[in-house]
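Down below is the structure, laid out as structure tokens.
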Amino acid sequence: MAKSDACNKPPLLEISDLHTYFFLEGGPSKAVEGLDLAVPRGKTVGLVGESGCGKSATSLSIMRLIPSPPGKIVRGRIVFDGVDLLSLPPDDMRRVRGREIAMIFQEPMSSLNPVFTVGYQIVEMIRNHEAVAKKEAWARAVDLLRRVRIPAPEQRADEYPHQLSGGMRQRVMIAMALACSPKLLIADEPTTALDVTIQAQIMELFEEIRQGTDMSVLLVTHNLGIVAQTADEVAVMYAGHIVEQAATRPLFASPLHPYTQGLLESIPKTTSTAERLHVISGNVPDPSHKPPGCPFNPRCPKATDRCRSEMPPTVELQPGHIVRCWEASAGRSGN
Amino acid sequence: MAEETQQSLSLSRLALKKLRKHRLAMAGLYVLGLLYLTCFVFSDFIAPYHFDNEGRDLNHMPPSIARIRIFDAEGNTCRPFIYRMSYERDEYYRQVWVEDKTERYPIRLFAKGDEHRLLGFIPTRVRLFGVDQPARFYLFGADVRGRDLFSRIVYGGRISLSIGLAGVAVSFTIGMLVGGVSGYYGGPVDNVVQRICEMVMMIPSFFLLLALRASLPMEMGSVQIYFMLVVIMSFIGWAGMARVVRGMVLSVRSQEYVEAARAIGQSDFKIITHHILPQTLSYAIVSITLSIPGYILGESSLSLLGLGIQDPYASWGNLLSEAMAVVHIQSHPWILLPGVFIFLTVMSFNFLGDGLRDAFDPKSQLVGKEFGKI
């Protein structure tokens, strides 16, 4: 069903062969290296990976907000709604930001300017992109706050960020992101800084809002639980590459890449009687000194000599299930 | 909810609270308030004479403040009065001042004096105090042309006190913008801008001041001269500010809300002026207060050398120019009084700036304890 939709229409966002490097003194740090990713219209795509794997660099690349210097998008195409974002002049790109693609940041505490009222900041967002009178924009801001379930929005709009709780602030950020009805919402770890009950509420709100519109969401997170709950598709990222991508159910049911398998095994289970939690040994490789071959090989229990010398290609093993692993593809083709 | 708002005082409110406990700073604030009120709002009213009202036969008249009588000839108290003064020359051609004791001139409040416009628009002759003609009440004595030094100090304050504010306003606007741009864009822009700042700062400022003054025509109207002084001094002053603001911008720039502002598609100019520069404001306020004295002194030095405000207009600097000759100071020491006002203003600004710095410094835990002692 999801598949046929994606086939009929071109995806809203299509990233191909994206390379984002940070040129540091010790040589280029390859945060994103040959990333391919598509976000279909009206779907939520989860981008999962541990810290330092290039998730945030990817989302910032889409917005073209990579801090430069030292960061630079070296190669690749990011096509959004038929437009190549990387070749847009800066002024046009500025109009895309916030209006077409909105972004929610990880830290609701620090993403709001402490010296302005939240209402003012939403108004600023609206008036940035649309020629509306201040009063009208204010009314819309209050409406948005109501939409994200902030109680007494008229009063809250007049308050400063420090007067709101973390969950409220994240709601304000969501309201702000929704202000211009963007086609794509990039949520960069939207719930990481919140406690668990608030996390659930915020994710519920996300779901609710998304169902009301045809907005696509790129959900960047390291929280597999949230992805399982909300995403239609999941892309697993490791050391700047997408190592596995599939619809949510098949991915969680039968992960193909050893890294994904490791991630899923690491989730603490209440039914398990094991003394210690499962861990994937080792660390994410330093992006400026990646090992040759598959970047996961030093940590992979199934690594072979081939994995240590050659980068595996991306293979679509099952319809809609893509994986980048010698072992997985060998095992499948052997079957 | 109500509790939350009560507890969370804003930074400026907190700073104000701390400032109130800083006695020297508060004293400075009051002195400055008094000076500015006197010189700007009520200058015409408080000064008994117009700044160019000459008493031709009263050059270097000694201060009347020392000759106010409150006892009449019989030794009874009466309302304060003065005698009319005139001078004769002794054999060394020195002035010998004598009082004409035939007639008393009581000091009147709300006396009629030179015509002026109260608060700038109400035409009136009433001034705060004065004596009847032909006597003259020269509180701080007279200058070489027999003009009331007190009145000239009050009128001169309009220039000396405002030039600090004007100069600071110009140089800080430039400094904040240049520093903001330099810090925000970073990279080569930053490099070039900072080298330019260093070049400006490298030149000894007083010589630069003189050189700039010399490069401009000597014959100018007083208003032109005033603006020229502001421009010259701001030209020198912006660089230091730009450097410090740049440093602060570098730290604010990496804040998430700046990135968030970029993510909602705000223009760079708006991000700099809206999201970044306000964060440097608490520093700027302190720095502004501490640098105003520099402008006041700069104006005074130029005027003292005859390069600034010209007679008949008064500024504290050009009032002092008469005191450059030691002979004058010996025989009429009161011509040094404008210097006292410069001193008072500069000290007050410094104390206030000090207090503001402590008040805005989030690390200062001195509230109550240490401030009380100062």
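The values are calculated or read from the model by the stated rules, or taken from the named source; none is laboratory data. Bear in mind that the values here come from a model prediction, so they are computed numbers and not experimental data. Here Cβ is always computed from backbone atoms with ideal geometry, including for glycine, and neighbour counts include all displayed protein chains.
So which of B:PRO278, B:PRO293 is surrounded by fewer than 22 Cβ atoms within 10 Å (Cβ to Cβ), in a helix (DSSP H, G or I) and at the interface with chain A (Cβ under 10 Å from one of its Cβ atoms)? Give the derivation first.
Values: B:PRO293 fails: at the interface with chain A (Cβ under 10 Å from one of its Cβ atoms).
Going through B:PRO278, B:PRO293 in turn, just one is surrounded by fewer than 22 Cβ atoms within 10 Å (Cβ to Cβ), in a helix (DSSP H, G or I) and at the interface with chain A (Cβ under 10 Å from one of its Cβ atoms): B:PRO278.
Checked against the criteria, A:GLY98 counts as small (Gly, Ala, Ser), facing chain B (nearest Cβ under 8 Å) and either on the phi > 0 side of the Ramachandran plot or in contact (Cβ under 8 Å) with a residue 24 or more places away in the chain (or both). Just to be sure, is A:PRO89 touching a residue at least 40 places away in the same chain (Cβ under 8 Å), within 14 Å of chain B (Cβ to nearest Cβ) and out of contact with any Ser or Thr (no Cβ under 9 Å at 6 or more places or on another chain)? Taking the combined requirement at face value, the residue does not satisfy it.
Consider B:LEU58 carefully, then state whether it is within 14 Å of chain A (Cβ to nearest Cβ), surrounded by 14 or more Cβ atoms within 10 Å (Cβ to Cβ), over 24 Å from the mean Cα position of the chain (by Cα) and not aromatic (Phe, Trp, Tyr). Considered against the rule, which asks whether it is within 14 Å of chain A (Cβ to nearest Cβ), surrounded by 14 or more Cβ atoms within 10 Å (Cβ to Cβ), over 24 Å from the mean Cα position of the chain (by Cα) and not aromatic (Phe, Trp, Tyr), B:LEU58 comes out as no. The condition (being closer than 29 Å to A:LEU224 by Cβ, surrounded by 19 or more Cβ atoms within 10 Å (Cβ to Cβ), touching a strand residue (DSSP E or B) at 6+ places or on another chain (Cβ under 8 Å) and within 12 Å of chain B (Cβ to nearest Cβ)) is satisfied by just one residue among A:PHE80, A:PHE105: A:PHE105.
Yes or no, residue by residue, for (1) among the polar types (S, T, N, Q); (2) within 19 Å of A:SER59 (Cα to Cα); (3) in contact with a strand residue (DSSP E or B) (Cβ under 9 Å, 6 or more places away or on another chain); (4) crowded, with 16+ Cβ neighbours inside 10 Å:
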| position | (1), (2), (3), (4) |
| --- | --- |
| A:VAL196 | no, no, no, no |
| A:ILE202 | no, no, no, yes |
| A:VAL217 | no, yes, yes, yes |
| A:ALA231 | no, yes, yes, yes |
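If you go through segment A:30-77 and keep only what is within 12 Å of another protein chain (Cβ to nearest Cβ), among the hydroxyl-bearing types (Ser, Thr, Tyr) and under 16 Å from A:MET103 (Cα atoms), you end up with A:SER56, A:SER59.
Filter segment B:3-43 down to the residues that are in a helix (DSSP H, G or I), modelled with pLDDT under 80 and more than 25 Å from the chain's Cα centre (by Cα), then identify the one that is farthest from B:ALA166 (Cα to Cα). This residue is B:GLU3. The set of residues from segment B:296-323 being among the polar types (S, T, N, Q) and surrounded by fewer than 21 Cβ atoms within 10 Å (Cβ to Cβ) comprises B:SER301, B:GLN310, B:SER321.
Residue-wise test of (1) over 22 Å from the mean Cα position of the chain (by Cα); (2) under 20 Å from A:ALA31 (Cα atoms); (3) of a type outside the set (A, V, I, L, M); (4) at pLDDT below 85.
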| site | (1), (2), (3), (4) |
| --- | --- |
| A:PRO250 | no, no, yes, no |
| A:PRO255 | no, no, yes, no |
| A:SER281 | yes, no, yes, yes |
| A:PRO287 | no, yes, yes, yes |
| A:CYS307 | yes, no, yes, yes |
| A:HIS321 | no, no, yes, no |
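If you go through segment A:181-193 and keep only what is touching a helix residue (DSSP H, G or I) at 6+ places or on another chain (Cβ under 8 Å) and surrounded by fewer than 20 Cβ atoms within 10 Å (Cβ to Cβ), you end up with just A:ALA193.
One residue alone among A:GLY42, A:GLY54 is touching a residue at least 12 places away in the same chain (Cβ under 8 Å) and under 20 Å from A:GLU244 (Cα atoms), and that residue is A:GLY54. Residue-level analysis places A:ALA175 outside the set of residues that are facing chain B (nearest Cβ under 9 Å), under 27 Å from A:THR221 (Cβ atoms), of a type outside the set (Asp, Glu) and touching a residue at least 12 places away in the same chain (Cβ under 8 Å).
Within segment A:106-161, the set of residues being of a type in the set (D, E, K, R), over 28 Å from A:LEU218 (Cα atoms) and not in a loop (DSSP other than H, G, I, E, B) comprises A:LYS134, A:LYS135, A:GLU136, A:GLU154, A:ARG156. Restricting attention to segment A:34-47 and to residues that are farther than 22 Å from A:ILE209 by Cα and at pLDDT 85 or above, the residue that is surrounded by the most Cβ atoms within 10 Å (Cβ to Cβ) turns out to be A:LEU35. The number of residues in segment A:236-274 being crowded, with 24+ Cβ neighbours inside 10 Å and polar (S, T, N, Q) comes to 2.
Only one entry of A:ALA152, A:ALA131, A:ALA141, A:ALA157 meets the criterion of being free of Cβ contacts under 8 Å to residues at least 12 places away in the same chain and more than 12 Å from chain B (Cβ to nearest Cβ), and that entry is A:ALA131.
For B:LEU336, the stated conditions do not hold, so it cannot be described as surrounded by fewer than 21 Cβ atoms within 10 Å (Cβ to Cβ), without any contact (Cβ under 8 Å) to a residue 60 or more places away in the chain, within 14 Å of chain A (Cβ to nearest Cβ) and not basic (Lys, Arg).
Annotation note: of B:VAL286, B:VAL258, the sole residue that is more than 7 Å from chain A (Cβ to nearest Cβ), in contact with a Phe, Trp or Tyr (Cβ under 9 Å, 6 or more places away or on another chain) and either farther than 25 Å from A:VAL96 by Cβ or without any contact (Cβ under 8 Å) to a residue 12 or more places away in the chain (or both) is B:VAL286.
Does segment A:126-149 contain at least one residue that is of a type in the set (Asp, Glu), surrounded by 21 or more Cβ atoms within 10 Å (Cβ to Cβ) and within 28 Å of the chain's Cα centre (by Cα)?
Filtering segment A:126-149 for residues of a type in the set (Asp, Glu) gives A:130, A:136, A:143.
Remaining after also requiring surrounded by 21 or more Cβ atoms within 10 Å (Cβ to Cβ): none.
Within segment A:126-149, not a single residue is of a type in the set (Asp, Glu), surrounded by 21 or more Cβ atoms within 10 Å (Cβ to Cβ) and within 28 Å of the chain's Cα centre (by Cα).
Within segment B:261-275, being touching a helix residue (DSSP H, G or I) at 6+ places or on another chain (Cβ under 7 Å), more than 7 Å from chain A (Cβ to nearest Cβ) and without any contact (Cβ under 8 Å) to a residue 24 or more places away in the chain holds for one residue alone: B:ALA261.
Name the single residue, out of those in segment A:108-128 being in contact with a Leu (Cβ under 7 Å, 6 or more places away or on another chain) and of a type in the set (A, V, I, L, M, F, W, C), that is nearest to the other protein chains (Cβ to nearest Cβ).
Residues of segment A:108-128 in contact with a Leu (Cβ under 7 Å, 6 or more places away or on another chain): A:118, A:121-122.
Filter once more, so that each one left must be of a type in the set (A, V, I, L, M, F, W, C): A:118, A:122.
On the way: A:VAL118: 12, A:ILE122: 10 Å.
The extreme case among them is A:ILE122.
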